[in-house]
Each structure stands twice: as structure tokens, then as C-alpha cells.
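Working notes, beginning with the structure itself.
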Amino acid sequence: MHPLLGRLIISFVLFLILFPVLTSQAFIIWPWYGREWSVDLVILLVPFNVLAFMLLWNYYLCIVTEPGRVPDGWASTLRISLSEPDFLSGEAYEVKKLTGGPRYCRNCERHKPPRSHHCRQCNRCVLRMDHHCPWVNNCIGYFNHGHFLQFLLYVDVTCSYHLSMVTLRVMSSIGRRYYDDPSGLELMFIILNYVFVIPVIIAVGAFSIYHFHGLMGNTTTIERWEKDKAATLKRHGKIQEVKFPYNLGVRRNIASVLGKNPLLWCYPTVPPGTGLKYQLSVGDDSDAQHAWPPRDPTLENQPPFRLPDSPWTYENGDVNPTLRPTNTRLRPINRPPTDQAYTSALPPYHPDFQSDAYPTRSYSPDSDASYEDDHPGVRVRRGSEGYEVGPINREEILREYIQGEVQRVGRYHVYEPDTISDHGADGEPGLGWDTDMVSDDDRPLELPN
């Protein structure tokens with residue numbers, strides 16, 4: 001993210017915080033109490049300002065606190081014991097199950113501790129990375145995760161207190177005397193405060209529930225994605241159930257982020273530890289602790305991708321003979337047309353259509369395609385992989401369609417007149433009419449008796 005864009009986002013967040021905090025007190029609560037100090041006014045506004053101060057303090061700490069970076073030379077001083085991991089002392093490390101070594105970051109080109117991930121925005125590995133938050137223009141990692149959770153908590157509490165305070169002012173003006181009604185300026189700021197605070201408490205409240213649930217399970221946002229992936233692999237029968245190795249219980253999970261003293265969980269503190277190693281939960285199978293995050297076993301033995309020597313190949317690597325380049329051949333000029341294609345805007349079955357009255361263009365299958373000398377019968381279009389399709393004769397298609405419709409029984413009622421024979425009614429010759437010699441206009445309506 002560009003530094004200027006990050007500063008603009010932080011300024012916007014500060015505006016969202018300060019506008020309801022200041023305007024609610026200056027234009028709503030202060031006129032409500034008659035613009036005079038009183039004990040009730042102090043009791044009402046002091047907790048609100050304390051909550052607002054804690055909100056701004058934690059937001060500042062989220063921005064300026066270093067989330068945690070991998071120290072130089074960390075892998076050289078690492079000591080790993082796979083045979084007897086110490087679950088209670090916190091000396092166990094997350095390693096690769098196959099090699100027994102620590103995890104490696106290809107972007108940073110160095111080893112990384114457990115639960116750390118590479119951030120593309122910060123371009124470095126972050127200890128116990130949760131996510132990169134654009135609202136604080138910083139990564140949420142090991143050392144500022146607690147400040148971020150406290151910031152969410154104080155946003156929820158401060159917005160709830162603010163809405164309660166403004167709602168009390170609105171309820172007090174209902175059914176009272178006319179001089180207790182809010183003025184026009186006060187009514188405008190009441191509406192603006194509702195418009196600012198209600199969407200914030202809904203969005204941040206849902207976001208807070210998600211992160212508080214992850215705190216109780218000692219799970220970051222990335223690790224929740226890894227849990228979903230592991231559940232999908234188990235559901236498809238590719239792996240066995242793998243236990244999440246960092247779930248220590250609700251109280252110990254919260255203490256690992258906010259500190260061991262419950263009285264200071266709402267106060268900004270430094271998290272315990274260095275962020276390089278984490279205490280693992282007690283399990284029966286020690287190998288399961290080092291198998292997180294689980295991988296798809298079908299991808300472990302997959303050979304690395306290698307580009308083929310020739311671009312004209314099948315999927316199995318064999319050369320496709322019909323895709324050899326043919327655009328190097330010279331195209332013949334003034335070739336006699338082999339077929340005619342109409343360029344009229346009218347369809348051929350239109351009554352006003354005349355094939356000779358419109359210009360035509362010559363079409364030759366050989367103009368856009370060529371035959372391979374060693375593969376006769378295969379017509380390949382230049383520069384493509386498809387087979388050529390000849391022109392469509394629309395007149396023939398229309399003729400076949402009309403003949404089929406006429407021959408269908410019951411579709412049309414065809415008039416067929418009865419012919420008059422050369423013999424009379426009594427079978428005597430010469431008394432009849434020759435229908436071939438008489439026109440339709442001269443034919444009598446009735447035969448003479």
C-alpha cells in the first residue's frame with residue numbers, strides 16, 4: 001500500500017472516531033443540560049471520555065507497535081528436539097515433519113519461526129501473523145494483536161455508550177414541554193451521530209465476534225483458514241484428523257495474548273514471550289504436534305513443473321504434427337473463386353432478394369488454410385488449432401426446410417382440381433372437354449347435358 005493512501009485511511013478512521021465523540025458532547029449533551037456544569041453531567045461524560053481515550057490509545061498502539069519480525073540468525077541458534085518435546089516449558093517448535101527442520105520462507109530466503117507468515121504488503125515475515133489491516137496501515141502480529149483486540153472492544157463499548165446517551169436525549173424530549181425540544185442544530189447533529197455510529201457498531205461488532213471467538217481458541221485468521229483446509233482434506237478422506245496444537249484452554253489462550261493478569265486484560269500491555277516459540281497443548285501423539293498445518297498428501301510426491309522443449313506439444317509431451325507452423329508459405333494471388341458467398345443484407349428467402357443485384361465476394365477454403373503434405377485430409381487454419389468449417393448454403397437449407405414442412409401430413413391443405421376426361425358422362429367419345437386445350441377463363445361452369 002502506498003504511504004499516502006495509508007495516511008488517508010488513518011485520517012478517515014480518526015474522523016469517524018472524533019466526529020461522534022466531540023459533536024455528541026458539544027451539540028447534544030451540553031445544550032440538554034442547559035450549558036451549565038453539574039454533577040449529573042460529569043457522571044455522564046467522564047466514563048464516555050475515558051472510553052474514547054482508551055479507544056484512541058489502542059488505535060495509536062496498533063499503528064506504531066512493531067508486530068514482530070524474525071531476528072537475524074534465528075535459525076543458527078535454534079535447538080529442536082523431536083524425540084521428547086517439552087509441552088509445558090514452551091520450548092517446542094513447529095517443524096517440517098519430513099525434514100525435521102524449521103519452516104522456510106522462499107520470499108525472505110530465510111527460516112521462520114512457528115505461526116509466522118510472510119506479508120506481501122510489508123514484504124517480510126511477521127511473527128504470529130493474523131492479517132494485514134488497512135485501517136491501521138500495519139500488520140496485526142504477535143506484539144500488537146492484543147492492542148487490536150482491545151481497540152475492537154473499546155469501539156463496541158464506546159459506540160454502545162454513545163448510542164445510549166444520545167437516545168436518552170431523544171427520549172427526554174418526547175411528551176415534554178415545548179422548550180425541552182431539541183433545536184434545529186441539535187436535531188441535525190442527532191441524526192448525523194446516528195448515521196455515523198450505527199453502521200460502525202454493526203460492522204465492527206460482527207468483526208469483533210469473529211476475532212474474540214478466535215482468541216478463545218488461540219487461533220489467528222490465517223490459522224482458521226488452515227483449519228478449514230484441514231477439515232476439507234479430512235472430509236475427502238485424504239488425511240486423518242489432526243489436532244490443532246496451540247489450543248491450551250480458554251483462559252490460557254486469552255492469557256497468551258493479553259497477559260496473565262485478568263485485571264489488565266482491558267489495559268494495553270506487552271504480551272508475554274518473544275513470539276519465537278509457543279507452548280503446545282498436551283497430546284498423546286507427539287508427531288501430531290509437528291504436522292500442522294497439514295498438507296494434501298497427493299501433492300507431496302508431485303514432480304516440479306517444467307516447461308516443454310517445444311510449444312507444439314500434447315499434454316503427454318509428444319509433438320503434435322498438425323500444429324506445425326504454416327504461415328511461412330506464400331499465399332497465391334488472384335485465385336479463382338471456388339464458391340460464392342452473398343453479401344446482401346436481405347436473406348435469400350426474402351421476396352426482394354436478388355443474387356445478381358448485390359456484390360459478391362469470393363471464398364476459397366485454400367485462402368485461409370492449407371493442407372499438410374504428409375497428413376492429407378486434415379485441414380488446419382493458419383495460426384489456430386481448430387479445423388476449418390466451410391460456408392453455409394442458406395438457400396439449400398431453406399429449400400430442405402420448406403420441402404419437409406410441405407410433406408408433413410396436416411401442415412398444409414393443397415388444392416388438387418379434378419380433371420375432366422375426353423369421354424362424356426355416358427362414356428361416349430367426343431362429348432367431353434379436353435382440359436389441356438381449354439384455359440381456366442374459357443372453361444364453363446357446368447357441362448352440357
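The values are calculated or read from the model by the stated rules, or taken from the named source; none is laboratory data. Everything numeric here is computed off the predicted structure, so don't read it as measured data. FYI the Cβ positions are ideal-geometry reconstructions off the backbone, even for glycines, and counts take in every protein chain you see. The accessibility values were calculated without ligands, DNA or RNA, using every heavy atom of the protein model including side chains. Shrake-Rupley method; radii C 1.70, N 1.55, O 1.52, S 1.80 Å.
Okay, here's what the table says:
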| item | result |
| --- | --- |
| Condition check for TYR178: open to solvent by 50 Å² or more (accessible area, probe 1.4 Å), among the hydroxyl-bearing types (Ser, Thr, Tyr) and at pLDDT 95 or above | no |
| Output for segment 101-137, where each listed residue is within 23 Å of ASN58 (Cβ to Cβ), open to solvent by less than 30 Å² (accessible area, probe 1.4 Å) and either polar (S, T, N, Q) or free of Cβ contacts under 8 Å to residues at least 40 places away in the same chain (or both) | CYS119 |
| Flag for ILE63 being crowded, with 16+ Cβ neighbours inside 10 Å and either among the β-branched types (Val, Ile, Thr) or over 37 Å from the mean Cα position of the chain (by Cα) (or both) | yes |
| Residues of segment 9-41 classified as modelled with pLDDT of 90 or more and either touching a His at 6+ places or on another chain (Cβ under 9 Å) or of a type in the set (Gly, Ala, Ser) (or both), total | 6 |
| Residue count, segment 283-302 (criterion: modelled with pLDDT under 75, of a type outside the set (S, T, N, Q) and open to solvent by 100 Å² or more (accessible area, probe 1.4 Å)) | 1 |
| Pairs where the first residue, in segment 229-257, is on the phi > 0 side of the Ramachandran plot and the second is modelled with pLDDT of 85 or more, C-beta under 9 Å, 6+ apart | GLY249/ASN218 |
| Positions within segment 213-237 being surrounded by fewer than 15 Cβ atoms within 10 Å (Cβ to Cβ) and over 23 Å from the mean Cα position of the chain (by Cα), in sequence order | HIS213, MET216, LYS234, ARG235, HIS236, GLY237 |
| Test: residue in segment 77-88 that is among the β-branched types (Val, Ile, Thr), part of a helix (DSSP H, G or I), out of contact with any strand residue (DSSP E or B) (no Cβ under 9 Å at 6 or more places or on another chain) and at pLDDT below 95 | yes |
| Residue, most open to solvent (accessible area, probe 1.4 Å), within segment 21-43, restricted to residues that are within 15 Å of TYR194 (Cα to Cα) and among the aliphatic types (A, V, I, L, M) | LEU22 |
| Selected residue [modelled with pLDDT of 95 or more, loosely packed, with under 12 Cβ neighbours inside 10 Å and in a helix (DSSP H, G or I)] from VAL46, VAL50 | VAL46 |
| Residue pairs meeting the criteria (Cβ under 7 Å; at least 6 apart or on separate chains; first under 17 Å from VAL155 (Cβ atoms), in segment 1-30; second among the aliphatic types (A, V, I, L, M)) | ILE10/ILE63; LEU16/VAL200; ILE17/LEU55; ILE17/LEU56; PRO20/VAL197; VAL21/ALA52; SER24/MET165; SER24/VAL166 |
| In segment 219-268, residue nearest to LEU127 (Cα to Cα) [restricted to those that are assigned to a loop (DSSP other than H, G, I, E, B) and aromatic (Phe, Trp, Tyr)] | TYR246 |
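Conditions tested, residue by residue: (1) touching an Asp or Glu at 6+ places or on another chain (Cβ under 9 Å); (2) of a type in the set (A, V, I, L, M); (3) modelled with pLDDT under 95.
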| position | (1), (2), (3) |
| --- | --- |
| ASN218 | no, no, yes |
| ILE222 | yes, yes, yes |
| LYS229 | yes, no, yes |
| THR232 | no, no, yes |
| GLN240 | no, no, yes |
